[in-house]
Amino acid sequence: MDGEDHYAVLGLPSGEEGAKLSEKEITKAYRLKALELHPDKRPDDPNAHSNFQKLTTSYAILKDEIARKLFDDLLRVKHEKFQRQAQSDSKRRKMMSDLEERERHAFAPDPSSRAREEEERIARKLKEEIARIRAMHSNKGSATTTHPSKKDTAAMEKNINNGGGSSGLDKEKVLKVSWEKTREDYIAQRLRQIFEEFGVVEDVVIKSSKKKGSALVVMGSKDAAVAAIGNVLGDLSNPLLVLPLQSVSSPVSFGVEENIESDGPKLGNLVGAGYQAFEESVLDKLKKAAKRQRDVL
């Protein structure tokens, strides 16, 4: 009974409204409730007697002036305590919310810092990707570009100067190729791919200077060499100049056993005017060798 709301037992409002009720209003409410809860009205309710007793007790307290005044004070104190508790809980919730908000702001990354970190991350990844691409092209170039050694160059020069003997190089299958040195340079693999459109490519030897690029392309047959001449090859922005090292229609015999010592420019200078001078020198010596062969016969 200590925590019982006696106004509620009689079906009346409590708190400030209950404190304003008159004695007649309380008595009227009791009589109505007594008719409802009387044990004679509820023969099958085992709690009918206790409920009616509780109703009688609550009515007695509210009917007594001193007891009712104390009960009203108790309700008022409880209500004030509840309000303070509610306000305190509200302040505590607000305080916790503010604290969490400040913590989020304190630990949240600065937008400018995040943007800077993102920029640095992307720049780092781009740098790694550029290094990877450069390394890939470098490896590809080193694997596919033919850089003749001194031994290979000497062998090639000897074969040309031998005039195409049994162990010599058939000049009618050799093409001289030149181009301007730009950022997009030609490598041996690229030249091989270009000239394989006309037939088998036996060898590609590149000898270049800083401004000019040049190469000797040895085709598998004379017909393949002739087919490649007269075409615009390579990139249009940097086309290849393709010329025969020896005209196919030349009457020069390549069975000459006499060794023609070369006093013309070496292969290392086969660029530009030097390339042309070398060709003219070799052709002139081959003609002289052919004339001597005819005189002997």
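The values are calculated or read from the model by the stated rules, or taken from the named source; none is laboratory data. Just so you know, these numbers come straight off a predicted model, no measurement behind them. So basically every Cβ, Gly included, is an ideal-geometry build from the backbone, and we count neighbours across all protein chains shown. SASA here: full protein model, heavy atoms, side chains in, ligands and nucleic acids out. Shrake-Rupley method; radii C 1.70, N 1.55, O 1.52, S 1.80 Å.
Starting from the range 17-47, pick out the trypsin sites (Lys or Arg not before Pro) whose DSSP state is loop and whose Cβ has at most 16 other Cβ atoms within 10 Å. Write down the numbers at each step before the final one.
Details: sites: 20, 24, 28, 31, 33, 41; in loops: 20.
Here the trypsin sites (Lys or Arg not before Pro) that fit, given the DSSP loop and packing criteria, are 20.
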So, in nm, how far is label residue 223 from label residue 104 when the simple model puts each one 7 Å beyond its Cα toward the Cβ?
8.2 nm
Any idea of residue 209's accessible area? Nearest 10 Å², probe 1.4 Å.
40 Å²
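Which value, to two decimals, describes the C-alpha radius of gyration of the range 1-135 once divided by 2.2 N^0.38 Å? Present the calculation step by step, with values, prior to reporting the outcome.
Values: Rg = 33.9 Å, N = 135, 2.2 N^0.38 = 14.2 Å.
Cα-based Rg divided by the globular estimate yields 2.39.
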Testing the spin-label approximation: label points 7 Å from Cα along Cα→Cβ at residue 126 and residue 5. State their distance in nm.
7.1 nm
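Measure up 181/222; 41/63; 171/211; 125/211; 20/81; 54/78 against 32 Å on the Cα-Cα distance and list the ones that go over. Provide the component values of the computation, followed by the final result.
Values: 181/222 28 Å; 41/63 25 Å; 171/211 26 Å; 125/211 35 Å; 20/81 21 Å; 54/78 22 Å.
Distance filter (> 32 Å) returns 125/211.
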Quickly work out the residue 181-to-residue 135 label distance, labels modelled 7 Å from Cα along the C-beta direction, and quote it in nm with one decimal.
2.8 nm
If you stretched the chain out fully between residue 19 and residue 210, how much longer would it get, using 0.36 nm times the residue separation minus the C-alpha to C-alpha distance?
57.7 nm
Residue-count net charge about residue 221 - beta-carbon cut-off 10 Å; Lys, Arg +1, Asp, Glu -1
-2
Segment residue 231-residue 35, length gained on full extension (0.36 nm per residue, minus Cα span):
58.3 nm
How many Å² of accessible area per residue for the range 41-118, probe 1.4 Å?
84 Å²
